[in-house]
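What follows is calculated from the coordinates using simple rules that are stated; it is not laboratory data. Remember, it's a predicted structure, so these values are computed and weren't measured experimentally. Heads up, the Cβs are rebuilt from the backbone with ideal geometry, glycines too, and the neighbour counts pull from every protein chain shown.
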Amino acid sequence: METKKYKRIEPELPCVNEPSGMYMYLSQTQNRFIQILDELIGLSDEIISKWLNITTRTYRNYKTKDTEIKENTKEHIVSILSLYKHGMEVFSTKDEFENWLTLPNPFLDNKAPMDFMDTISGIQLIDNRLTAMEFGENV
């Protein structure tokens, strides 16, 4: 897995399961989501574009051009960033969290947590698993 250098995740990111905070954050934040996502995530553009339900070409255009990002895609990106923030708090490092994301999980019908990242409700499900782990449940 390639490790990218990344800046610290913005502390004001709302929790995944906080819809009003998510809405307010999206309405008040400038369009830096793609750059933060690209700096943070050590997975391929193909995986990230699959999560966002867009083509890899569209994802790369968002990264390299000043293209307006659709609101639902912005929400999806911020949800992923919020999940990463929580995951890095639980696992202590981004690499350990990404490793957990890629492994089959018995609590998720032996699917990898990353298989749920293509919907907001799937991201919320993974975030709930992280919260359960914080309170002592198995990974």
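Being under 18 Å from N53 (Cα atoms) and of a type in the set (V, I, T) is the filter; apply it to the range 80-125 and report the residue that is surrounded by the fewest Cβ atoms within 10 Å (Cβ to Cβ).
This residue is T119.
Does K94 fit the bill of being in contact with a Gly (Cβ under 8 Å, 6 or more places away or on another chain) and basic (K, R)?
Yes.
Scan the range 107-120 and tell me whether some residue there is more than 11 Å from the chain's Cα centre (by Cα) and touching a residue at least 24 places away in the same chain (Cβ under 8 Å).
yes
Taking the residues in the range 22-45 that are touching an Asp or Glu at 6+ places or on another chain (Cβ under 9 Å) and outside any loop (DSSP other than H, G, I, E, B) as candidates, determine which candidate is surrounded by the fewest Cβ atoms within 10 Å (Cβ to Cβ).
Y23
Would you pick out the residues in the range 46-72 that are surrounded by fewer than 16 Cβ atoms within 10 Å (Cβ to Cβ) and either in a loop (DSSP other than H, G, I, E, B) or in contact with a strand residue (DSSP E or B) (Cβ under 7 Å, 6 or more places away or on another chain) (or both)?
N53, T55, K65, D66, T67, E68, K70
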